Amino acid sequence: MGNDKEGFLTGNCDIRTPPIRVSHTALERYCEDSPYRSKCPSCEKGVLLVSRDPKTFALCNVDFCISCGRMVIYTGTSIAGEPLLDVTNSLDIPGEPEVQVTS
């Protein structure tokens, strides 16, 4: 996964790395015109797009950075007024989640 071409996973991508738990509101927005896209708190150059359930299109509380692949679990109940679907029980989550405290 060490491909350094733009658009490919790079660097410290490890699927066994524990996910980060964070409030979506605490994350820095990737661009001003999107209430969903955020900068990755792990690699700081990647983007979290906010995943949707493929059947219901509901927002999911689990997301992955498109650059480093790090799993992020959103701790809130909604994003931009849309409720979050808890999908953590349907995933194999490695290790104990990190707790990221941001103010």
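Couplings for segment 76-91, taken from phi via the Karplus curve 6.51 cos²θ - 1.76 cosθ + 1.60 with θ = phi - 60°, read x, 10, 7, 10, 6, x, 9, x, 8, 8, 7, 10, 5, 6, 8, 10 Hz in order; Gly and Pro are left as x. In this label model, Thr88 and Phe57 are separated by 2.7 nm, measuring between points 7 Å along each Cα→Cβ vector.
Every read-out reported here was derived from the displayed coordinates using simple, explicitly stated rules and does not represent laboratory data. Since the model is a prediction, treat every value here as computed from it, not as a measurement. Don't worry about glycine lacking a Cβ; one is built from the backbone with ideal geometry, like all the others, and counts go over all protein chains shown.
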